[in-house]
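Report on the structure given below.
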Amino acid sequence: MEKLDFTAGNEKKFFDFIGKLGSERVALVSHTDLDGIICAKVVNKVVDVNFMKFVGYQALDKNLVQELKNEKVKKVIFSDISVENILFLREIEKFADVLIIDHHIFQHDLNSTNTTFINAQGYSASYICYYLFYKMQKIEEMDWLVACASISDWMLFKGIGWLSEVYKKYGDMYRNDENLLKKGKLWDLQYILSLVLIYFKDNLNMAYDFIPDEIEKVPVLEVYAKKVREEIEGQTKLFEKQKEIIGEVYFWLINPKYDVREIIVNRL
(Lines give C-alpha, C1' and ligand atoms only; values in the text may rest on other atoms or scores of the structure.)
Protein backbone atom coordinates (compact mmCIF):
# COMPACT_ATOMS: atom_id res chain seq x y z
CA MET A 1 0.00 0.00 0.00
CA GLU A 2 1.06 3.54 -0.69
CA LYS A 3 1.74 5.85 2.24
CA LEU A 4 -1.18 8.16 2.97
CA ASP A 5 -0.78 11.91 3.03
CA PHE A 6 -2.92 12.88 6.01
CA THR A 7 -4.80 16.19 5.86
CA ALA A 8 -5.57 15.97 9.59
CA GLY A 9 -4.24 13.70 12.31
CA ASN A 10 -1.60 11.03 11.85
CA GLU A 11 -0.90 7.36 12.49
CA LYS A 12 0.42 8.00 15.99
CA LYS A 13 -2.85 9.61 17.09
CA PHE A 14 -4.77 6.69 15.58
CA PHE A 15 -2.72 4.07 17.42
CA ASP A 16 -2.88 6.07 20.65
CA PHE A 17 -6.68 5.93 20.46
CA ILE A 18 -6.82 2.23 19.56
CA GLY A 19 -4.32 1.39 22.29
CA LYS A 20 -6.68 2.83 24.91
CA LEU A 21 -9.79 0.89 23.87
CA GLY A 22 -9.37 -1.72 26.60
CA SER A 23 -12.58 -3.51 27.58
CA GLU A 24 -14.81 -0.43 27.39
CA ARG A 25 -17.92 -0.49 25.19
CA VAL A 26 -17.29 0.71 21.63
CA ALA A 27 -19.82 2.17 19.19
CA LEU A 28 -19.26 2.35 15.46
CA VAL A 29 -21.25 4.91 13.47
CA SER A 30 -20.79 4.87 9.70
CA HIS A 31 -22.34 6.28 6.55
CA THR A 32 -25.12 4.53 4.63
CA ASP A 33 -23.40 4.16 1.25
CA LEU A 34 -21.12 1.32 0.16
CA ASP A 35 -18.01 3.14 1.35
CA GLY A 36 -19.54 3.56 4.81
CA ILE A 37 -20.66 -0.07 5.01
CA ILE A 38 -17.25 -1.39 3.96
CA CYS A 39 -15.57 0.94 6.47
CA ALA A 40 -17.64 -0.79 9.14
CA LYS A 41 -16.65 -4.22 7.80
CA VAL A 42 -12.96 -3.30 8.05
CA VAL A 43 -13.17 -1.69 11.49
CA ASN A 44 -15.26 -4.49 12.98
CA LYS A 45 -12.81 -7.06 11.64
CA VAL A 46 -10.18 -5.73 14.02
CA VAL A 47 -12.07 -3.95 16.80
CA ASP A 48 -14.65 -5.62 19.03
CA VAL A 49 -17.59 -3.30 18.31
CA ASN A 50 -20.51 -3.47 20.76
CA PHE A 51 -22.96 -1.18 18.97
CA MET A 52 -23.18 -0.39 15.26
CA LYS A 53 -25.35 2.11 13.42
CA PHE A 54 -25.47 3.44 9.86
CA VAL A 55 -26.65 7.02 9.48
CA GLY A 56 -27.05 9.86 7.01
CA TYR A 57 -25.65 13.27 7.88
CA GLN A 58 -29.06 14.54 8.99
CA ALA A 59 -28.98 11.97 11.83
CA LEU A 60 -26.01 13.59 13.55
CA ASP A 61 -28.24 15.15 16.18
CA LYS A 62 -29.24 15.07 19.83
CA ASN A 63 -31.19 11.83 19.31
CA LEU A 64 -28.03 10.02 18.21
CA VAL A 65 -26.15 11.52 21.16
CA GLN A 66 -28.79 10.17 23.52
CA GLU A 67 -28.79 6.76 21.83
CA LEU A 68 -25.03 6.46 22.24
CA LYS A 69 -25.35 7.58 25.83
CA ASN A 70 -28.03 4.97 26.49
CA GLU A 71 -25.73 2.30 25.06
CA LYS A 72 -23.21 3.28 27.77
CA VAL A 73 -20.37 3.42 25.25
CA LYS A 74 -17.07 4.97 26.23
CA LYS A 75 -15.49 5.01 22.77
CA VAL A 76 -17.21 6.12 19.54
CA ILE A 77 -15.73 5.54 16.08
CA PHE A 78 -17.17 7.51 13.15
CA SER A 79 -16.21 6.35 9.66
CA ASP A 80 -16.98 8.03 6.33
CA ILE A 81 -18.92 10.67 8.25
CA SER A 82 -18.21 14.37 7.87
CA VAL A 83 -18.89 15.89 11.29
CA GLU A 84 -19.58 19.60 10.84
CA ASN A 85 -21.53 20.29 14.02
CA ILE A 86 -18.96 20.96 16.73
CA LEU A 87 -21.63 21.13 19.45
CA PHE A 88 -22.82 17.62 18.48
CA LEU A 89 -19.27 16.37 18.90
CA ARG A 90 -18.77 18.15 22.24
CA GLU A 91 -21.91 16.49 23.63
CA ILE A 92 -20.49 13.05 22.84
CA GLU A 93 -17.14 14.00 24.33
CA LYS A 94 -18.89 14.43 27.69
CA PHE A 95 -19.19 10.64 28.03
CA ALA A 96 -16.93 9.10 25.38
CA ASP A 97 -13.66 9.48 23.48
CA VAL A 98 -14.12 9.82 19.73
CA LEU A 99 -12.24 8.62 16.65
CA ILE A 100 -13.26 10.03 13.25
CA ILE A 101 -11.85 8.46 10.08
CA ASP A 102 -12.96 10.41 7.02
CA HIS A 103 -12.03 11.62 3.55
CA HIS A 104 -14.34 14.59 2.98
CA ILE A 105 -13.17 18.19 2.74
CA PHE A 106 -13.53 19.74 6.19
CA GLN A 107 -13.81 23.22 7.67
CA HIS A 108 -12.28 22.54 11.09
CA ASP A 109 -9.55 20.26 12.39
CA LEU A 110 -11.59 18.35 14.99
CA ASN A 111 -8.64 17.00 16.96
CA SER A 112 -8.97 17.73 20.68
CA THR A 113 -8.25 16.14 24.04
CA ASN A 114 -11.15 13.71 23.55
CA THR A 115 -11.37 13.47 19.76
CA THR A 116 -8.92 11.94 17.30
CA PHE A 117 -9.61 13.13 13.77
CA ILE A 118 -7.96 11.29 10.88
CA ASN A 119 -8.52 12.64 7.37
CA ALA A 120 -6.88 11.88 4.02
CA GLN A 121 -8.46 13.20 0.83
CA GLY A 122 -8.54 11.59 -2.58
CA TYR A 123 -9.01 8.09 -1.12
CA SER A 124 -12.15 6.24 -0.09
CA ALA A 125 -12.75 6.20 3.66
CA SER A 126 -12.63 2.39 3.40
CA TYR A 127 -9.10 2.56 2.03
CA ILE A 128 -8.02 4.83 4.90
CA CYS A 129 -9.50 2.35 7.41
CA TYR A 130 -7.89 -0.57 5.60
CA TYR A 131 -4.52 1.20 5.51
CA LEU A 132 -4.60 1.89 9.25
CA PHE A 133 -6.14 -1.32 10.58
CA TYR A 134 -4.00 -3.50 8.28
CA LYS A 135 -1.04 -2.40 10.41
CA MET A 136 -2.73 -4.04 13.39
CA GLN A 137 -4.00 -7.18 11.66
CA LYS A 138 -3.34 -8.64 8.23
CA ILE A 139 -6.74 -8.42 6.52
CA GLU A 140 -5.82 -9.06 2.87
CA GLU A 141 -9.09 -10.93 2.32
CA MET A 142 -10.91 -7.58 2.50
CA ASP A 143 -8.93 -5.93 -0.29
CA TRP A 144 -11.61 -6.57 -2.94
CA LEU A 145 -14.30 -5.02 -0.72
CA VAL A 146 -12.18 -1.91 -0.20
CA ALA A 147 -11.54 -1.72 -3.95
CA CYS A 148 -15.31 -1.95 -4.56
CA ALA A 149 -15.91 0.87 -2.08
CA SER A 150 -13.28 2.99 -3.84
CA ILE A 151 -14.94 2.32 -7.21
CA SER A 152 -18.39 3.12 -5.84
CA ASP A 153 -17.17 6.41 -4.36
CA TRP A 154 -15.17 7.16 -7.52
CA MET A 155 -11.96 7.41 -5.46
CA LEU A 156 -9.80 5.74 -8.08
CA PHE A 157 -6.96 8.07 -8.94
CA LYS A 158 -4.82 7.88 -5.80
CA GLY A 159 -3.30 4.64 -4.58
CA ILE A 160 -3.30 3.42 -8.18
CA GLY A 161 -0.46 1.01 -7.50
CA TRP A 162 -2.46 -0.81 -4.81
CA LEU A 163 -5.68 -0.72 -6.84
CA SER A 164 -3.90 -2.16 -9.88
CA GLU A 165 -2.59 -5.05 -7.80
CA VAL A 166 -6.05 -5.82 -6.42
CA TYR A 167 -7.58 -5.71 -9.90
CA LYS A 168 -4.88 -8.09 -11.14
CA LYS A 169 -5.32 -10.42 -8.15
CA TYR A 170 -8.96 -10.98 -9.06
CA GLY A 171 -8.44 -11.38 -12.79
CA ASP A 172 -9.31 -7.81 -13.72
CA MET A 173 -7.30 -4.89 -15.09
CA TYR A 174 -7.23 -1.32 -13.78
CA ARG A 175 -7.59 1.19 -16.61
CA ASN A 176 -7.04 4.87 -15.85
CA ASP A 177 -9.90 5.90 -18.10
CA GLU A 178 -13.38 6.95 -16.95
CA ASN A 179 -15.26 4.93 -19.56
CA LEU A 180 -13.11 1.80 -19.29
CA LEU A 181 -13.35 1.87 -15.48
CA LYS A 182 -17.09 1.26 -15.81
CA LYS A 183 -16.43 -2.26 -17.03
CA GLY A 184 -14.96 -5.43 -15.60
CA LYS A 185 -15.29 -7.79 -12.67
CA LEU A 186 -14.80 -5.35 -9.80
CA TRP A 187 -17.10 -2.76 -11.36
CA ASP A 188 -19.84 -5.39 -11.62
CA LEU A 189 -19.24 -6.57 -8.04
CA GLN A 190 -19.52 -3.06 -6.57
CA TYR A 191 -22.73 -2.52 -8.53
CA ILE A 192 -24.28 -5.69 -7.08
CA LEU A 193 -23.28 -4.60 -3.56
CA SER A 194 -24.68 -1.11 -4.13
CA LEU A 195 -28.01 -2.55 -5.33
CA VAL A 196 -28.14 -4.79 -2.25
CA LEU A 197 -27.87 -1.66 -0.08
CA ILE A 198 -30.83 -0.17 -1.94
CA TYR A 199 -32.84 -3.35 -1.35
CA PHE A 200 -32.06 -3.29 2.38
CA LYS A 201 -32.22 0.49 2.75
CA ASP A 202 -34.46 0.23 5.82
CA ASN A 203 -32.25 -2.40 7.48
CA LEU A 204 -28.64 -1.67 6.64
CA ASN A 205 -27.41 -3.79 9.54
CA MET A 206 -28.89 -6.78 7.69
CA ALA A 207 -27.19 -5.68 4.48
CA TYR A 208 -23.94 -5.43 6.44
CA ASP A 209 -24.41 -9.01 7.66
CA PHE A 210 -25.18 -10.29 4.17
CA ILE A 211 -22.14 -8.75 2.47
CA PRO A 212 -19.50 -11.52 2.58
CA ASP A 213 -15.78 -11.31 3.19
CA GLU A 214 -15.24 -13.89 0.42
CA ILE A 215 -15.53 -12.63 -3.15
CA GLU A 216 -16.82 -16.03 -4.31
CA LYS A 217 -20.01 -15.58 -2.26
CA VAL A 218 -21.17 -12.35 -3.91
CA PRO A 219 -23.33 -14.13 -6.57
CA VAL A 220 -25.62 -15.28 -3.72
CA LEU A 221 -26.65 -11.63 -3.37
CA GLU A 222 -27.85 -11.42 -6.97
CA VAL A 223 -31.35 -12.47 -5.86
CA TYR A 224 -31.68 -9.08 -4.10
CA ALA A 225 -29.81 -7.09 -6.75
CA LYS A 226 -32.08 -8.55 -9.44
CA LYS A 227 -35.20 -7.13 -7.80
CA VAL A 228 -33.66 -3.65 -7.79
CA ARG A 229 -32.48 -4.03 -11.39
CA GLU A 230 -36.05 -4.90 -12.40
CA GLU A 231 -37.31 -1.80 -10.58
CA ILE A 232 -34.80 0.37 -12.43
CA GLU A 233 -35.84 -1.05 -15.79
CA GLY A 234 -39.55 -0.77 -14.98
CA GLN A 235 -39.33 2.82 -13.75
CA THR A 236 -37.23 3.84 -16.76
CA LYS A 237 -39.96 2.52 -19.06
CA LEU A 238 -42.58 4.40 -17.03
CA PHE A 239 -40.60 7.60 -17.49
CA GLU A 240 -40.72 7.19 -21.26
CA LYS A 241 -44.51 6.70 -21.11
CA GLN A 242 -45.46 9.26 -18.46
CA LYS A 243 -42.98 12.14 -18.83
CA GLU A 244 -44.35 15.60 -19.61
CA ILE A 245 -42.30 17.93 -21.75
CA ILE A 246 -42.49 21.52 -20.56
CA GLY A 247 -40.29 23.68 -22.76
CA GLU A 248 -36.83 22.15 -22.41
CA VAL A 249 -37.72 20.35 -19.17
CA TYR A 250 -38.86 16.76 -18.65
CA PHE A 251 -41.31 16.46 -15.72
CA TRP A 252 -42.22 13.14 -14.13
CA LEU A 253 -43.38 12.06 -10.66
CA ILE A 254 -41.66 8.85 -9.61
CA ASN A 255 -42.91 6.53 -6.89
CA PRO A 256 -40.58 3.50 -6.90
CA LYS A 257 -40.73 0.48 -4.60
CA TYR A 258 -36.97 0.79 -4.03
CA ASP A 259 -35.09 4.08 -3.85
CA VAL A 260 -33.64 4.05 -7.36
CA ARG A 261 -34.20 7.74 -8.11
CA GLU A 262 -30.53 8.67 -8.29
CA ILE A 263 -29.66 5.75 -10.57
CA ILE A 264 -32.52 6.57 -12.94
CA VAL A 265 -31.64 10.28 -13.05
CA ASN A 266 -28.01 9.42 -13.85
CA ARG A 267 -29.09 6.96 -16.53
CA LEU A 268 -31.52 9.41 -18.14
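The values are calculated or read from the model by the stated rules, or taken from the named source; none is laboratory data. Here the structure is a predicted model, which is why all the values come from computation and not from measurement. Don't worry about glycine lacking a Cβ; one is built from the backbone with ideal geometry, like all the others, and counts go over all protein chains shown. Please note that ligands, DNA and RNA were not included when accessible areas were found on the heavy atoms of the full protein model with its side chains. Shrake-Rupley method; radii C 1.70, N 1.55, O 1.52, S 1.80 Å.
Data for the structure
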{"read-out": "Condition check for I198: surrounded by 14 or more Cβ atoms within 10 Å (Cβ to Cβ), assigned to a helix (DSSP H, G or I), in contact (Cβ under 8 Å) with a residue 60 or more places away in the chain and under 20 Å from the mean Cα position of the chain (by Cα)", "value": "yes"}
{"read-out": "Residue ranges of helices (runs of 4 or more DSSP H) in the range 29-126 with at least 3 members over 22 Å from L193 (Cα atoms) and open to solvent by less than 30 Å² (accessible area, probe 1.4 Å)", "value": "62-70, 86-93"}
{"read-out": "Positions within the range 239-257 being open to solvent by 60 Å² or more (accessible area, probe 1.4 Å) and assigned to a helix (DSSP H, G or I), in sequence order", "value": "E240, K241, Q242"}
{"read-out": "Only one of K169, K226, K183, K217 that is loosely packed, with under 12 Cβ neighbours inside 10 Å, of a type in the set (K, R) and out of contact with any strand residue (DSSP E or B) (no Cβ under 7 Å at 6 or more places or on another chain)", "value": "K217"}
{"read-out": "Selection count where residues are in a loop (DSSP other than H, G, I, E, B), in contact with a Leu (Cβ under 7 Å, 6 or more places away or on another chain) and within 21 Å of D80 (Cβ to Cβ), scope the range 135-180", "value": "1"}
{"read-out": "Cβ-Cβ under 7 Å pairs, at least 6 apart or on other chains, the range 112-136 side within 29 Å of K94 (Cα to Cα) and touching a residue at least 40 places away in the same chain (Cβ under 8 Å), far side part of a helix (DSSP H, G or I) and of a type in the set (S, T, Y)", "value": "S126/S150"}
{"read-out": "Tabulated pairs, the range 91-107, first closer than 25 Å to Y131 by Cβ, second among the hydroxyl-bearing types (S, T, Y) and open to solvent by 30 Å² or more (accessible area, probe 1.4 Å), C-beta under 8 angstrom, 6+ apart or interchain", "value": "F106/T7"}
{"read-out": "Checking V65 against (1) closer than 16 Å to L132 by Cα; (2) over 20 Å from the mean Cα position of the chain (by Cα), the condition it does not meet", "value": "(1)"}
{"read-out": "Leading residue by the ranking (farthest from E230 (Cα to Cα)) among those in the range 186-195 that are open to solvent by less than 60 Å² (accessible area, probe 1.4 Å) and of a type outside the set (S, T, Y)", "value": "L186"}
{"read-out": "Residues of the range 157-166 that turn out to be over 14 Å from K185 (Cα atoms) and surrounded by 20 or more Cβ atoms within 10 Å (Cβ to Cβ), as a count", "value": "2"}
{"read-out": "The one condition in (1) within 21 Å of M142 (Cβ to Cβ); (2) modelled with pLDDT of 95 or more; (3) part of a loop (DSSP other than H, G, I, E, B); (4) open to solvent by 10 Å² or more (accessible area, probe 1.4 Å) that E2 fails to fulfil", "value": "(2)"}
